[in-house]
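Worksheet: the structure to be examined is printed underneath.
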Amino acid sequence: MLIDTALDFIEQLTFWKVIAYFWPFFFIYIIRYVLADIIILVYHMPKRIRDKALRTRARARLFKEKPLVSVIVPGKNEGRHIPKLAESLQHQTYSNIELVIVDDGSDDDTPNICRKLEKEGKINRFIRNNVRGGKASAANTALRYSKGKYIVHIDADSHLAHDTIETIILPFILDANIGAVGGDVRVANTEASLATSLQAFEYLKSITIGRTVSSNLGILRIIAGAHGAFKRDVLERIYGWDVGPGLDGDITLKIRKLGYRVIHEPEAVCYTNVPINFSKLARQRFRWDRSMVRFRVRKHKDIFLPSKSFIAVNFISSFENIFFNLLLNLKWWIYIIQIIIFSAQWIPVIFFINYLLYTMANLLQFVVGCLVIKDKLTKTELKLIAFIPLMPIYTGLFLRIVRTYAYLMEFIHKVSYHDPWTPWKVSKIAKKEKL
Amino acid sequence: MKQAYYIVSPGATRAPQFMTTIELNALESFDASNVAYWVLDGDDEDLPNTQHTIRASQNPLIYLRPIVSLVSDKPRNAAPSQSDRTLLKDEFDNEYAKKLLSSFHPINHWIENLPAADGSTDRNIALRVLRFMASRSKEFSPIMTSSDPHGFLYPVLEPLFAIRDIGTIETLQYLKGQRLLQGRFFKQAYFCSSCQSAFLNFEEQCPHCNSGNLKIDELVHHFKCAYTGELSEFQIGNHLSCPKCEQQLRHIGVDYDKPSIIYHCNDCTHVFQDPEVICSCYNCGHTTSPEDQINRTIEHYNVTSLGQNAAVYGMESLFSNILSTDLKLTSEAVFKEYLKLESARISRYKLSTTSLVLVNINELDEIYIKLGDKAKDVFHELSAVFKSILRTSDVITAINETLFLILMTETSANNAERALERLQQGVTELMKSNLDITPAFDTHIEQIAANMDVTALLDTFLHEKSHVDRHST
Ligand SMILES: [Zn+2]
Ligand SMILES: [Zn+2]
């Protein structure tokens, strides 16, 4: 039945009709993702091979100089994760590491757990703030009381592969012009549920492949708070993090404005736990998405208005982000409306063909992703191939609906000022100052 | 007719013309039955010793008498007097001396009413303190002082104690434990665990190198720009300015706050928030963490009505004293040892059950208050009731005059319940027929288990009891 209709549909197709029915896939998806894969295959991978000798030499220098690396972990009520984290740092291939924990007003057992670890020497410094100040101020406090030449910012509930610190610091040695390095974030609890498996696939696509590509194009716009390394002097020049839920991208942009390169290092791996059901996931994404609008459009207006700090690549980097996130979301709805109005009789077929196209593209992405990860690929990650048929529904429907809702809310209500993560005192100031 | 006596000690000046004198070293052999009060030379450097000699006498007619000390000038630094009264030499004349007779009359009257006023001796320091306090019938308040290593003094009580005697504070606490005194909160204080001195220095130290050379600063968080740094970084002239955004900070809590305090060690550069606190004693140099020092509550003390009676009739006539001679009453400490052994035995072999019985006989102390000396006879009969119910293997202790703990070995809760019923019956019968009092009982039976915390158990028991008391009144 569907097959018959499909054949009828295909029979009447012309080149222009194909474009008209499937333009989002060909013009946007192909350009953004498939081209990205090609960049990886023809640029990133060969470059890695070429740079091999350089990297080996840089590594020898790193281990000779052994600069102190401060791992900073700001957080609230994260005490239960800290012992495991401290333990994992002791097993790093790189050994000159200090661990600085900042407790941002926890109301659980965190202070006791951390004080004990501090006494045992498993935490180098533990700063407890009785009053919660928000994520940025906690990170800044950690920065203030860390001593390392390099600062690695990670989330308490994540854990690192044994060579992560070494790998994330290496780019600084390779290129003195690098100000910050984003580490790869992968899902630790991949097998916990359907939701976590789909997120694992998504992270592979958007972080491992997506950021590697942005990095190669010189337009990386975000360094994950969950896993990022910075040069201390660069952070000090910009006085650390700023207020707001978009702080990860915010600081990346500030570093770029200083003229430093910001890159992604896919082989520095950090595993993080992701929400295990769809409702928790929806809430998390709601928070992330609306922060994007806020800080991009409102705070860094100067990037769109040529000024002293204007550098072309920064403009492209920001534009790329705004375009793909904001406008593409809008595009999706335009496409749906177009199909409903002009091609209502073909809806099932168009849906089905789209589904096939996206599934095939996802399969290609998966293969490329595996190539980028190379020797860090785990069996669990390989098994994700089984989830490819579900990905179009996850990214095309679930995430899109959450995103649209978040953007609408942000534009209409400026709700992110009431982000529960940021204490109301700080939010109030941010709103007043139009941050 | 009673009269005042001037005590002539080696360092004392001549007695006022109108006064009868007595040599200090003739005191013990002196018949003090018509002494109204002692008069001492307050200018004598040896005054504390003279006072102690009087208060250390074992004769109630001597040591309980009021003491008046005469001074040339009112002391400027107003060290509280250890005498009952301190007067200027100029104002103390015959007239005044007579006036004092009547004002000391209640004390002397109390002394005369002592059954032992026939010249028997009071050796026990606790009884002497109790008698002294009861005879004055007022509240005894401590003062903080730097002149005594204990840090606190009960000035008028001090002469009762020799320098090396068991401490004043300990004696008062013991009497309170016997419910003969009641306390009213004055202060909490730490004492050296090795020498009891109250002069302790608390020092914050670097946890790394134990240096006390620290710099302490407040952390400041500027809301607007999320910058955090130490207060000194923000100080420019006499206002605060943010190093990151150069804005002036205005109101704490509005545009900035101070989330914590940071310590820097000036010796090893360690940065921390949780300094070690070390406590060292000025007196003996003993150094330890504050938790290991002794923490005590210092109180004002009043004699209870039970204490009033015990002061008059002597503590030998208290029920717990009679029980301990009639029955083998163990001390609380020994009882707890028994309990520990028993709970270890039970949890190891898991073969038998042993019960712990808590029983409080509410009106027991009233017997004493009502009957005074004659209470002894009733108590002997009561202890016979206890004796008839307990087996030789049972262990009993008295927490105070009304609360008893009985360890009934190899006894199930049911059997303990029955024994307890018989005890209640016996006591009720006795008290009803002799005194027309129907006693009320608070009881609790606990099966002995591993790691029993008897102190906690007692606490809950007493707490619930006081709850019931409050509701019933
Ligand atoms: Zn500021
Ligand atoms: Zn130190």
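The values are calculated or read from the model by the stated rules, or taken from the named source; none is laboratory data. A quick note: this is a predicted structure, and the numbers were derived from the prediction, not measured. Backbone-built Cβ (ideal geometry, glycine too); neighbour counts: all protein chains shown.
Brief remarks on what is shown
- Filter result (more than 15 Å from ligand 1 (Cβ to nearest atom) and either modelled with pLDDT of 95 or more or within 16 Å of residue A:133 (Cα to Cα) (or both)) within the range B:216-231: B:218
- Failed criterion for residue A:168 (all others in (1) closer than 18 Å to residue A:229 by Cβ; (2) within 13 Å of chain B (Cβ to nearest Cβ); (3) among the β-branched types (Val, Ile, Thr) hold): (2)
- Test: residue in the range B:218-229 that is more than 13 Å from ligand 2 (Cβ to nearest atom), hydroxyl-bearing (Ser, Thr, Tyr) and facing chain A (nearest Cβ under 9 Å): yes
- Of all residues in the range B:243-254, exactly one satisfies the criterion of being among the β-branched types (Val, Ile, Thr) and within 10 Å of chain A (Cβ to nearest Cβ), namely B:254.
- Scanning the range B:236-250 for residues that are of a type outside the set (Lys, Arg) and within 14 Å of ligand 1 (Cβ to nearest atom) gives B:236, B:239, B:240, B:241, B:242, B:243, B:245, B:246, B:247, B:248, B:249.
- Scanning the range B:316-348 for residues that are of a type in the set (A, V, I, L, M, F, W, C), surrounded by 19 or more Cβ atoms within 10 Å (Cβ to Cβ) and part of a helix (DSSP H, G or I) gives B:319, B:322, B:323, B:335, B:339, B:346.
- Note on the range B:170-251: enclosed strands (runs of 3 or more DSSP E) holding 2 or more residues that are among the basic types (Lys, Arg) and touching a residue at least 60 places away in the same chain (Cβ under 8 Å) are B:181-191.
- In the range B:230-242, residue surrounded by the fewest Cβ atoms within 10 Å (Cβ to Cβ) [restricted to those that are within 13 Å of chain A (Cβ to nearest Cβ) and over 17 Å from residue A:138 (Cα atoms)]: B:232
- Scanning the range B:324-340 turns up no residue that is within 14 Å of another protein chain (Cβ to nearest Cβ), at pLDDT below 90 and out of contact with any helix residue (DSSP H, G or I) (no Cβ under 9 Å at 6 or more places or on another chain).
- Neighbours by Cβ (under 7 Å, 6+ apart or cross-chain): first from the range B:384-395, free of Cβ contacts under 8 Å to residues at least 24 places away in the same chain; second assigned to a loop (DSSP other than H, G, I, E, B): B:393/B:409; B:394/B:409
- Given (1) at pLDDT below 90; (2) among the polar types (S, T, N, Q); (3) within 16 Å of ligand 2 (Cβ to nearest atom), number of the condition residue B:273 does not satisfy: (1)
Residue by residue, here is whether (1) crowded, with 23+ Cβ neighbours inside 10 Å; (2) in contact (Cβ under 8 Å) with a residue 12 or more places away in the chain; (3) touching a strand residue (DSSP E or B) at 6+ places or on another chain (Cβ under 8 Å) holds:
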{"residue": "A:204", "(1), (2), (3)": "yes, yes, yes"}
{"residue": "A:211", "(1), (2), (3)": "yes, yes, yes"}
{"residue": "A:215", "(1), (2), (3)": "no, yes, yes"}
{"residue": "A:259", "(1), (2), (3)": "no, yes, no"}
{"residue": "A:262", "(1), (2), (3)": "yes, yes, yes"}
{"residue": "A:268", "(1), (2), (3)": "yes, yes, yes"}
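- The residues listed here are B:267, B:257, B:292; of these, the one that is within 16 Å of ligand 2 (Cβ to nearest atom) and either within 14 Å of chain A (Cβ to nearest Cβ) or surrounded by fewer than 16 Cβ atoms within 10 Å (Cβ to Cβ) (or both) is B:267.
- If you go through the range B:273-289 and pick out every residue that is within 12 Å of chain A (Cβ to nearest Cβ) and either touching a Lys or Arg at 6+ places or on another chain (Cβ under 7 Å) or small (Gly, Ala, Ser) (or both), you end up with 2.
- Total residues in the range A:116-146, condition of a type in the set (Lys, Arg), within 7 Å of chain B (Cβ to nearest Cβ) and in a loop (DSSP other than H, G, I, E, B): 0
- Residue within the range A:123-138 that is buried (at least 21 other Cβ atoms within 10 Å of the Cβ), in contact with a Pro (Cβ under 6 Å, 6 or more places away or on another chain) and among the hydrophobic types (A, V, I, L, M, F, W, C) present: yes
- Considering (1) at positive phi; (2) more than 9 Å from chain B (Cβ to nearest Cβ), the lone condition that residue A:93 does not fulfil carries the number (1).
- Listed conditions (1) over 30 Å from residue A:217 (Cβ atoms); (2) in a helix (DSSP H, G or I) are all met by residue A:53, apart from (1).
- Flag if residue B:48 is surrounded by 13 or more Cβ atoms within 10 Å (Cβ to Cβ) and closer than 19 Å to residue B:96 by Cα: no
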